[in-house]
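Below you'll find the structure, written out as structure tokens, and then a few comments.
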Amino acid sequence: MSKEFKNNTIRGPINAWVFRVLSGYMDRLFGKSKRKLFKNHPEMVVEIGPGAGANMRYLKVGTRLIAIEPNIHMHANLKKTAIKYGIHLEIKEIVGESIDLPDNSCDFVVSTLVLCTVDDPEACMHQIKRILKPSGVFVFIEHVKARENSMLAFIQNLIHKPWHWFFEGCHTNRNTRQLLESVGFSRLELETYNSYSPFIPIIPQVRGRAIK
Ligand SMILES: C[S@@+](CC[C@H](N)C(=O)[O-])C[C@H]1O[C@@H](n2cnc3c(N)ncnc32)[C@H](O)[C@@H]1O
């Protein structure tokens with residue numbers, strides 16, 4: 001299991017810029033789902049791979065956000081976004097596969113468009129489940145592998161290599177749905193759907209909540 005994150009001095013800053021610039025568009029794509037998923041969140045939220053802080057706009061002012069973000073190039077944007085939305089931000093420059101929070105210590109963990117990118121998604125999911133308190137909630141929106149033999153699957157496979165390179169490890173065709181189903185949460189509310197946008201490889205998605 002890799003517990004290292006290799007910061008890339010060229011693609012890192014480019015991706016930090018891309019995610020900052022896209023945050024308004026992301027809100028149009030995901031805002032409705034995120035508002036619903038984040039409703040009634042507790043005072044402390046742990047987010048895996050928050051990027052430029054696209055999810056802070058859905059958090060209550062004064063929320064304590066523990067940001068597990070190994071990519072140092074994202075940190076400046078995270079800090080700016082936290083000030084903008086009145087979030088108390090604590091950045092941990094560690095990977096989601098190796099979280100230094102105690103067992104059963106969090107009520108609410110978030111990941112959006114991250115399980116596609118972490119090196120070891122199984123390890124990351126086990127860490128999320130480990131740090132959640134019993135009945136704690138994990139909310140997610142993730143893009144997933146398309147149906148076998150579909151046109152979307154063909155496009156995902158075709159573009160995988162350059163996409164993976166540019167987006168610093170993102171897998172267009174990861175079976176994250178299967179992973180979420182295998183972790184052993186006491187309840188999993190998962191919806192599979194297509195989110196149509198010009199970003200064709202990430203059209204097939206899952207969203208929902210997993211309860212420990
Ligand atoms: C596609 S971006 C998504 C950013 C943000 N969650 C959003 O919805 O806009 C993926 C994020 O995961 C982070 N990441 C990559 N590998 C990671 C790991 N092993 N653990 C935690 N975060 C990771 C990246 O640095 C990046 O910020």
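For segment 45-75, which residues satisfy the criterion of being closer than 21 Å to residue 22 by Cα and either among the basic types (Lys, Arg) or open to solvent by 60 Å² or more (accessible area, probe 1.4 Å) (or both)?
57, 72, listed by residue number.
Does segment 57-68 contain any residue that is assigned to a helix (DSSP H, G or I) and hydroxyl-bearing (Ser, Thr, Tyr)?
The answer is yes, given that some residue of segment 57-68 is assigned to a helix (DSSP H, G or I) and hydroxyl-bearing (Ser, Thr, Tyr).
Here's a check for you: in segment 62-75, which residue that is closer than 25 Å to residue 43 by Cβ and over 16 Å from the mean Cα position of the chain (by Cα) is farthest from the ligand (Cβ to nearest atom)?
Among those that are closer than 25 Å to residue 43 by Cβ and over 16 Å from the mean Cα position of the chain (by Cα), it is 62.
Being open to solvent by less than 40 Å² (accessible area, probe 1.4 Å) and more than 17 Å from residue 173 (Cβ to Cβ) is the filter here, so list the residues in segment 99-117 that pass it.
The answer is 99, 101, 105, 106, 108, 109, 110, 111, 112.
Would you check which residues across segment 93-114 are in a strand (DSSP E or B) and away from the ligand (no atom under 13 Å from the Cβ) and list them? Before the answer, list the steps.
Filtering segment 93-114 down to residues in a strand (DSSP E or B) leaves 106-112.
Across segment 93-114, the qualifying residues are 106, 107, 108.
If I filter segment 102-117 for residues that are without any contact (Cβ under 8 Å) to a residue 60 or more places away in the chain and within 20 Å of residue 38 (Cβ to Cβ), do I get at least one hit?
There is at least one residue in segment 102-117 that is without any contact (Cβ under 8 Å) to a residue 60 or more places away in the chain and within 20 Å of residue 38 (Cβ to Cβ).
Scan segment 68-99 residue by residue and report those that are hydrophobic (A, V, I, L, M, F, W, C), free of Cβ contacts under 8 Å to residues at least 40 places away in the same chain, under 19 Å from residue 26 (Cα atoms) and in contact with a helix residue (DSSP H, G or I) (Cβ under 8 Å, 6 or more places away or on another chain).
Correct list: 82 only.
Inside segment 151-171, can you point out the residues that are open to solvent by less than 20 Å² (accessible area, probe 1.4 Å) and either outside any helix (DSSP H, G or I) or free of Cβ contacts under 8 Å to residues at least 40 places away in the same chain (or both)?
Matches in segment 151-171: 153, 169, 170.
Considering (1) farther than 18 Å from residue 4 by Cβ; (2) in contact with a strand residue (DSSP E or B) (Cβ under 6 Å, 6 or more places away or on another chain), say which one residue 68 fails and leave the rest.
Status for residue 68: all satisfied but (1).
Where residues in segment 6-17 are more than 10 Å from the ligand (Cβ to nearest atom) and among the aliphatic types (A, V, I, L, M), which of them is farthest from residue 195 (Cα to Cα)?
My answer is 10.
Tally up the residues in segment 163-191 that are polar (S, T, N, Q) and farther than 19 Å from residue 120 by Cβ, please.
Number of matching residues: 1.
Conditions tested, residue by residue: (1) among the aromatic types (Phe, Trp, Tyr); (2) closer than 17 Å to residue 111 by Cα.
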{"residue": "136", "(1), (2)": "no, yes"}
{"residue": "154", "(1), (2)": "yes, no"}
{"residue": "164", "(1), (2)": "no, no"}
{"residue": "181", "(1), (2)": "no, yes"}
{"residue": "199", "(1), (2)": "yes, no"}
{"residue": "206", "(1), (2)": "no, yes"}
{"residue": "209", "(1), (2)": "no, yes"}
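Name the residues in segment 41-57 that are farther than 19 Å from residue 115 by Cβ and either within 12 Å of the ligand (Cβ to nearest atom) or at pLDDT below 95 (or both), would you?
56, 57
Exactly one condition in (1) within 12 Å of the ligand (Cβ to nearest atom); (2) open to solvent by 40 Å² or more (accessible area, probe 1.4 Å); (3) touching a Lys or Arg at 6+ places or on another chain (Cβ under 7 Å) is not met by residue 20; state its number.
(3)
Name the single residue that is farthest from the ligand (Cβ to nearest atom) among those in segment 118-133 being part of a loop (DSSP other than H, G, I, E, B) and open to solvent by less than 40 Å² (accessible area, probe 1.4 Å).
If we filter segment 118-133 for residues that are part of a loop (DSSP other than H, G, I, E, B), which is where we start, we get 118-120.
Add one more test, that the residue is open to solvent by less than 40 Å² (accessible area, probe 1.4 Å), and what stays is 118, 120.
Working: 118: 4, 120: 8 Å.
Result: 120.
The values are calculated or read from the model by the stated rules, or taken from the named source; none is laboratory data. Remember, predicted model here, so these are calculated numbers, not experimental data. Because the Cβ atoms are built from the backbone with ideal geometry, glycine has one as well, and the counts that use them run over all protein chains shown. These area figures cover heavy atoms from the full protein model, side chains too; ligands, DNA and RNA do not enter into them. Shrake-Rupley method; radii C 1.70, N 1.55, O 1.52, S 1.80 Å.
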